[in-house]
1. Taking the convex hull of the alpha carbon atoms in the range 20-93, what volume per residue do you get, in Å³?
2. Could you pull out the pairs from LYS111/LYS143; LYS252/LYS295; LYS63/LYS119; LYS28/LYS153 whose alpha carbons sit more than 19 Å apart here?
3. Suppose we look only past 13 Å in the calculated P(r) of the range 57-110. What percent of the Cα-Cα pairs does that tail hold?
4. Would you mind computing the Rg to Rh ratio of the range 17-227 from its alpha-carbon coordinates, Kirkwood style for Rh?
5. Net charge within 13 Å of PHE186 by Cβ-Cβ distance, Lys/Arg positive one each and Asp/Glu negative one each, not counting PHE186 itself?
6. Give, as a single signed number, the net charge of other residues whose beta carbon lies under 15 Å from the beta carbon of LEU218, with Lys and Arg counted +1 and Asp and Glu -1.
7. Quick one: net charge of ASN277's neighbours, Cβ under 14 Å, K/R +1, D/E -1?
8. When only C-alpha pairs under 8 Å and at least 6 residues apart count, what is the relative contact order of the range 17-227, in percent?
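Computed from the coordinates by the stated procedures, all read-outs in this text should not be read as laboratory data. Computed from a prediction, not measured in an experiment: that's the story for all the values here. So basically every Cβ, Gly included, is an ideal-geometry build from the backbone, and we count neighbours across all protein chains shown.
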Amino acid sequence: MFNIVKANEPLIIKNVNILIYGEPGVGKTSLANTAINPLTLDFDNGIHRSDNRKDVFVVENWKVVNNNMNDFMKLLSGYNTIIIDTVDTLLDYMGAWIIEQTPRYSQPKYKLQFYGSLKDEFAKLIGRLRTLGKDVVCLAHMKEKDEGDLRIKRPAITGGSYDRVMQLSDFVGYLFIKDNKRTLDFNPTDFWFGKNSAKFDQLQVPDFKSNPDFLSNLIIEMKNSINKQTQAQAESVITITKYNQRIQDSKKPEDFNFLMSEMSNLKNGVKVQLWENMQKKANQLGFEFLKKEKKFVAKQEEVTTTKELEQDNIDEYLDNTDKVVADDSDFIF
């Protein structure tokens, strides 16, 4: 019933949330419909303009959906990918429903509460779709915003909900025309927003008739990339745990030096954590690290030589003499 994923076990990602934005007519809906077994939730009533349409459910208001949520979820159960077209219109519908439930939220002084409820309602929907194991593709129009000397392209999403939509998106891609060809870029640049944990290069979108599974294949790559990262994180935890135990078991400088040679091939992030623990343990045992020789040695006790003692006595004598001279006004040389 309950499944706890241990720190040293990979956390497998089974579904992703994607946000794709661009100008009207650039082919966002057609692109989204190349995902596996998709259902488009048409909030804009513009699905008829797509040249690659699959199954569609036209949503005219959020009240009907919210009042019949269980039936709505059953409706979606037979699909692998849910397309929200567009997310901004969905938020408009949700906003109208929220104000209908709480009329005072229409007043300017309740603006923060309104946007808080709107963000919660959207997150609740995405959470339900995740629970069903669905991949979610949110579509949005593009708008430009001046930031200093630059004009930045970003998703056209209702102000207070923008950050929440971006947070819930695993990938954010900008779709545009370049050299008369559709181009999809998940990389954030100086000119548009993006989110790209898979490190995709700028992608040329193929003709959908010749490659009807373009987004489906891309989503597989997204999941593989994320899961490789979580696998690497799990392996790092195992490595850190193993070496930390060996650090605690070390008793001699030679033990630490041997560990250092073994750790030389580890990833930098792992080495940093282990190095801090190694220095702390070595210091507790009375060892020090010689940077020039790059090795641990036992700390040397400071030995005061006869010459140093003689110089200390001279310095002390001069200090005392200075005090006498300064204090004795009758002293004449």
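1. 82 Å³
2. Violating the 19 Å limit, Cα to Cα: LYS111/LYS143.
3. 66 percent
4. Rounded to two decimals, Rg over Rh is 0.96.
5. For residues surrounding PHE186, the net value is -2.
6. -1
7. Neighbour charge sum, excluding ASN277 itself: +2.
8. After rounding, I find 26 percent.
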